[in-house]
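Following: one structure in C-alpha cells, then a few remarks.
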Amino acid sequence: MAGDARLAWRLLRGAGRPEWWRLGLTAAGAASAAGPALAAVALASLHGHYRVPFGHGLLDDPGERSGVIAGLLLLLLPVLGFLGQCARIGAVHRDRRLAGLRLAGATPAQVRRIAALETGPACLLGSLLAGAVAVPVVLGVWSAPTGWTWTGFALVLLGVPLLGATAGALALRRVVASPLGRVRRVRPAGGRGPGLLFTAGVLLVLLLGLWSVASTSGTDRGRVPLTVFALVLAVGAGTVWLAGGAAGAVGRLLAGRARGAATLIAAERLRDDPWAAARTHAAVLLVTLAGTAFVGVRQALLAELREASRDHSLATDTAFYTTGIGLTGAALLVALLITLSGLAVGTAESVANRRSGLAAQVAAGVPRAVLGRALLLETALPLAPALVPAGAAGMAIGAGYGSLVDGGPHTVPYAALLVPLAVYGCCLLAAAGSLPLLRRSADPARLRYA
C-alpha cells in the first residue's frame with residue numbers, strides 16, 4: 001500500500017492541467033456534498049423543541065426540522081451528478097496512464113488502488129474544508145452538542161472520501177490494454193445503458209422507501225426525510241433512463257433525416273453514445289420538475305398567507321412561512337447552479353476527449369462554426385423532448401396544490417410555465433461555455449501528435 005501511495009503521488013505531481021482541474025473540481029464537489037450532509041446530521045441530532053437563533057422558528061420543532069433535513073438530503077442528488085462528471089475529466093489520459101501500468105506488470109488490484117489514492121485525498125480535502133466551516137457554526141449556535149452529533153460528523157467527513165475513492169476505483173473496472181498498448185474500455189454485454197447493478201440498486205431504494213412509508217405512523221417522523229430522499233432518488237434514477245432514451249431516440253430519428261451538417265453530426269453523436277450525459281440531464285429534469293412545482297406551490301401559499309393575514313387568523317408570524325418558502329427557493333437555485341456546473345464540465349470533457357476527431361474534421365474542411373452548432377445541438381436536441389413531461393408534471397403538482405388550498409382552479413400558476421424555458425436556456429448557455437475550448441481543440445496541428 002505504501003508503494004502504491006508513493007506511485008500515486010508521483011503520478012499526480014507529473015500530471016497535466018486537466019488532472020489538476022479534475023482534482024480541484026472533485027474537492028469542490030466533495031465539499032458541496034459534505035456541507036448539506038453535515039447540516040442534516042446536526043439537525044437530526046436535535047430532539048424535541050430546541051430554540052435555534054435563526055430561521056424565524058423554522059428549525060425549532062421536530063416536524064419542521066424533518067422537512068429541512070429532507071431538503072438537505074435532496075441537494076445531494078445534483079452534487080452526485082456533478083461528481084460523476086468531474087470523475088470523467090481527463091478520463092482518456094488517465095485510462096492510458098493506468099493501462100500503461102498494467103502493461104508494466106501491475107495487477108488490476110494495484111491499478112484500482114492507485115486510482116483510489118488519486119481521488120480519495122481530493123475528496124478528503126473537500127470534506128475537511130466543509131467540516132472546518134460546519135464545526136464552528138455548530139459550536140456557536142448549540143451550547144452542548146451531543147456525542148451523536150460528533151459521531152455523525154466523523155462518519156460524513158470520512159464517508160465522503162471513502163465513497164470518492166471507491167468511485168475512482170470502480171471507474172477503471174472496464175479499462176484494459178492490448179499488448180501493443182492501445183487502451184480501450186470494454187462495454188458490458190447487455191448494452192450501453194445502466195446495468196443490472198444499477199437497476200437492482202434503484203429497486204432496493206424504492207422498496208426501502210415504500211416500506212418506510214408503510215411502517216411510519218402519524219407521530220413517527222424520524223424516517224420521513226430518508227423516505228422522501230429514497231423515493232426521489234428512485235425517481236431520479238428513472239429519469240436517467242428517460243434522458244438516455246430520449247437522446248437515443250432523437251439521434252436515431254434525425255440521423256436519417258438531417259438536412260444540415262451540424263444536425264447530422266449531433267444526431268450521429270447522440271445515436272452512438274446516448275448515455276454520455278444522461279446523469280447530468282437527469283438532474284436537469286429533476287430540478288425542472290421541482291422548480292415548476294415550487295412556483296405553483298409558492299403562488300398558492302402566498303395567496304393563502306395574504307388572505308389569512310387580512311383575516312388575522314394566523315397563529316404564527318408570517319415570517320415563519322415566508323422563511324421556509326425562501327429557503328426552498330434558495331435550495332432549488334443552488335441545485336440548479338450545481339446541475340449547470342456539471343453540464344458545463346461534461347460538455348467541456350466531451351470536447352477534450354474528441355479533440356483528435358474534431359481536428360480531423362476541421363482538416364477535412366468542416367467549418368468550426370458547424371462544429372460549434374453541433375456541440376450545442378447535442379445538448380439542445382435531447383433535452384427539449386425530455387423537459388416537456390418534466391415541466392408538465394411540475395405544473396400539474398403546482399396547480400393541484402393550488403386547487404386544494406384555495407378550493408378552486410382559479411390559481412393556475414401560469415408563471416410556472418417559464419421555469420422549463422428558463423432551465424433550457426441556462427443549459428444552452430452552460431454548453432456554450434465550452435465553445436472557446438472547441439476552438440483550441442479543433443486545431444488541425446494537433447493531428448501531428450495523435
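For the range 309-364, taking the residues that are in a loop (DSSP other than H, G, I, E, B) and under 30 Å from Arg440 (Cβ atoms), the one that is modelled with the lowest pLDDT is identified as Arg354.
Please state which one of Ala392, Ala335 is among the small types (Gly, Ala, Ser), more than 17 Å from Ala278 (Cβ to Cβ) and open to solvent by 40 Å² or more (accessible area, probe 1.4 Å).
On the way: Ala335 fails: open to solvent by 40 Å² or more (accessible area, probe 1.4 Å).
None of the others qualify; the one that does is Ala392.
Restricting attention to the range 280-311, the residues being within 22 Å of the chain's Cα centre (by Cα) and more than 14 Å from Leu336 (Cα to Cα) number 2.
Taking the range 70-87 as the range and being open to solvent by less than 20 Å² (accessible area, probe 1.4 Å) and over 30 Å from Ser350 (Cα atoms) as the test, only Ala70 passes.
Is there a residue in the range 376-387 that is modelled with pLDDT under 85 and of a type in the set (D, E, K, R)? Within the range 376-387 (the criterion being modelled with pLDDT under 85 and of a type in the set (D, E, K, R)), the answer is no, since none of the residues qualifies. Scanning the range 113-127 for residues that are under 21 Å from the mean Cα position of the chain (by Cα) and of a type in the set (Val, Ile, Thr) yields one hit, Thr119. Picking from Leu98, Leu83, which residue would you name as being at pLDDT 75 or above and within 27 Å of the chain's Cα centre (by Cα)? Sole residue among the options that is at pLDDT 75 or above and within 27 Å of the chain's Cα centre (by Cα): Leu83. Annotation for the range 366-378: no member residue is among the aliphatic types (A, V, I, L, M), within 24 Å of Leu75 (Cβ to Cβ), surrounded by fewer than 19 Cβ atoms within 10 Å (Cβ to Cβ) and touching a residue at least 60 places away in the same chain (Cβ under 8 Å). The residues of the range 139-158 that are closer than 17 Å to Leu83 by Cα and surrounded by fewer than 16 Cβ atoms within 10 Å (Cβ to Cβ) amount to a single one, Leu158. For Leu383, state whether it is touching a Phe, Trp or Tyr at 6+ places or on another chain (Cβ under 8 Å), without any contact (Cβ under 8 Å) to a residue 60 or more places away in the chain, surrounded by 18 or more Cβ atoms within 10 Å (Cβ to Cβ) and under 28 Å from Ala416 (Cα atoms). When the stated conditions are applied, Leu383 does not pass them.
The values are calculated or read from the model by the stated rules, or taken from the named source; none is laboratory data. In this text, all values refer to a predicted model and were calculated from it rather than measured experimentally. So basically every Cβ, Gly included, is an ideal-geometry build from the backbone, and we count neighbours across all protein chains shown. With ligands, DNA and RNA removed, areas are computed over all heavy atoms of the protein, side chains included. Shrake-Rupley method; radii C 1.70, N 1.55, O 1.52, S 1.80 Å.
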